[in-house]
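Working notes, beginning with the structure itself.
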Amino acid sequence: MNTYNPGNVLPFYANRAWQRHRQIGQDTIPFGILAPRSRLLPFQIFVNGDAGTDTLVFQLISPTNDITWTDLSATLLTKTENAAETGYWITWFADGPLDVVPDCGFWYVRLTVEGVEYYSEVMYVTDICGVDDCFLAIVPDTCETLEGTLSFDFQATVFAVEGYTYSLQRYVGGWNEISSDETYTMSVDVFNELEQISIQVHTVCGLTMTRTYDLEWESGDACNTLTLTLVSQSNNAGLSVGNNPAWRLLMTNTNDKGNVLYQEGYTQHLYISPIWDTPEVRREVQTDVNGNGDTVRTFSRTIEQQKFEFPDMPDYVLGFLAKVGDLSSVILEEAETGRTVTMENVTFESKRQGALLNIGIIAFDAEIESYSGCQEDFALA
């Protein structure tokens, strides 16, 4: 494919005709690389132009009809100009939620830079264990005061796998649930000028998310001064965390590589379902013959190589993964718990999965031990 941004997991094209599902012999039903609904995948492209004056439009488009779209704020994107001032990188770090969260399903990114359009490959966006979040907001234009009562609507937004439970709570001598609905009309005494509100979400992944807010206003002009401020948040793991595995590869480099700008902290993600293979152990042994004619071992080196497979990889990620061992940092992370495996000497290969997809195979050195036949004993207390 004619990729506009080589070196990225999520490819972009100057023409959407290059997208996978539009090719002869591919599924006409879009296939999407897995991405969290609230954040998508990180991506980066380099464009010629002026970062300070160029107009930028950031949208998600449905590949099922190419006319359904969601507008996103271009201020979420980072522009980084090169020293020659001939162009700049546009980066989405995916380190925070989108301002408008799309419905679950298939979407691709359309970036319009000074009228020129760039199209990403298709993502299948959904809620993923470990990329959970929630927040509360006041619904605009719902505030009113009447006879000493201030009323307005709350709207909660929850990013979690379907099946979670939700609770809106108010502090009156202790926390008390006032609603389990994500939209709620609240009425308070206008002269109080302060309320403490919290939301609590229990996910099917075993996580409890709590967000606590201060609700403040001035009684003389309540609706125009009404503010909701996040004062604390916590995510507490329950016993079932780790029983709903969601893994991702985190891949970055100390220096820039090719046309990819890594020096600003850009880290690429790939969500996978790893299946571990049997480790392979390699041994290197050196021997010598001593004065008695006995063969003695003078040096040994043992390398335990771990290997895992992961299915459902489209052709367009194979080139990136083939070079993943060139990167300075490749980490396998369990998204729910944050547990990580740092991989050294990474290699990648693939095999065909049916007619249209691939199974990726990553191998890495998990343990290396060298022994010269003589080691001093540890000093004991």
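What to note about this one:
- Whichever residue in the range 1-23 is in a loop (DSSP other than H, G, I, E, B) and without any contact (Cβ under 8 Å) to a residue 40 or more places away in the chain and, among such residues, is farthest from residue 41 (Cα to Cα): 23
- Among residues of the range 144-160, those that are surrounded by fewer than 17 Cβ atoms within 10 Å (Cβ to Cβ), touching a residue at least 40 places away in the same chain (Cβ under 8 Å) and within 33 Å of the chain's Cα centre (by Cα), counted: 1
- Filtered residue count, the range 88-128, keeping only those that are in a strand (DSSP E or B) and either without any contact (Cβ under 8 Å) to a residue 40 or more places away in the chain or surrounded by 14 or more Cβ atoms within 10 Å (Cβ to Cβ) (or both): 22
- The combined condition, being small (Gly, Ala, Ser), farther than 26 Å from residue 356 by Cα and modelled with pLDDT of 95 or more, is not fulfilled by residue 38.
- Residue that is nearest to the chain's Cα centre (by Cα), among those in the range 61-72 that are of a type in the set (A, V, I, L, M) and assigned to a strand (DSSP E or B): 72
- Considering the conditions (1) in contact with an Asp or Glu (Cβ under 7 Å, 6 or more places away or on another chain); (2) in a helix (DSSP H, G or I), residue 75 is excluded by exactly one of them, (1).
- Of all residues in the range 311-340 being assigned to a loop (DSSP other than H, G, I, E, B) and among the charged types (D, E, K, R), the one that is nearest to residue 260 (Cα to Cα): 323
- Inside the range 185-205, residues that are surrounded by 18 or more Cβ atoms within 10 Å (Cβ to Cβ) and in contact (Cβ under 8 Å) with a residue 40 or more places away in the chain make up a count of 6.
- Sole residue being surrounded by fewer than 18 Cβ atoms within 10 Å (Cβ to Cβ), outside the structural domain of residue 38 (by TED's automatic domain parsing) and within 15 Å of residue 228 (Cα to Cα), chosen from 141, 181: 141
- Scanning the range 292-306 for residues that are assigned to a strand (DSSP E or B) and surrounded by fewer than 18 Cβ atoms within 10 Å (Cβ to Cβ) returns 295, 296, 297, 298, 299, 300, 301, 302, 303, 304, 305.
- Scoring residue 374 on the criteria (1) farther than 26 Å from residue 32 by Cβ; (2) surrounded by 12 or more Cβ atoms within 10 Å (Cβ to Cβ) leaves a single failure, condition (2).
- Qualifying residue in the range 346-366 (condition: closer than 28 Å to residue 287 by Cβ and either of a type in the set (S, T, N, Q) or in the same structural domain as residue 32 (by TED's automatic domain parsing) (or both)): no
The values are calculated or read from the model by the stated rules, or taken from the named source; none is laboratory data. For clarity, every value in this text was computed on a predicted model and none was experimentally measured. Reconstructed Cβ throughout: ideal geometry from the backbone, glycine too, with neighbour counts over all protein chains shown.
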